[in-house]
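Colleague: The structure under discussion is supplied below as structure tokens; questions concerning it will follow.
Each reported figure results from applying straightforward, stated rules to the coordinates on display, with no laboratory input. The model shown is predicted, which means the values in this text are computed figures rather than measured ones. Please note: Cβ atoms are built from the backbone with ideal geometry, for glycine as well, and neighbour counts cover all protein chains shown.
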Amino acid sequence: MEWQPMATAPKDGARVHARDVDGNEQVTWFCDGDWVYAGWRETEDRDEYETEEWWEPTEWMPRQARSNAKVSGAGTASAGLPGYAAGGNGERE
């Protein structure tokens, strides 16, 4: 998919992939007349909280659909690790 001008982006709250003139890329959506993205801030006490950051993207493209492919046990983090036995056989000796 090619980059498209922001004037053609959906303004119904749908999330799209966008970038600005400096090449910064974000997942963004149109809200109350502005383009926003989710950001994180930190208080003086170092507590973090999520915010909506306003910005001016210049181009957009649809977000890629996620695959619904089934993952087998061979793709798990523990497969093939020392001490792991597949098939519910517990720890290897």
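Colleague: Output the residues belonging to segment 13-57 that are part of a loop (DSSP other than H, G, I, E, B), out of contact with any Asp or Glu (no Cβ under 6 Å at 6 or more places or on another chain) and not charged (D, E, K, R).
Modeller: Gly13, Ala14, Val21, Gly23, Asn24, Gly33, Thr43
Colleague: Please enumerate the residues belonging to segment 6-41 that are under 15 Å from Arg63 (Cα atoms) and touching a Ser or Thr at 6+ places or on another chain (Cβ under 9 Å).
Modeller: Within segment 6-41, Met6, Ala9, Arg15, Val16, His17, Ala18, Arg19, Tyr37 qualify.
Colleague: Being exposed (fewer than 12 other Cβ atoms within 10 Å of the Cβ) and of a type in the set (Gly, Ala, Ser) is the filter; apply it to segment 15-59 and report the residue that is nearest to the chain's Cα centre (by Cα).
Modeller: My answer is Gly23.
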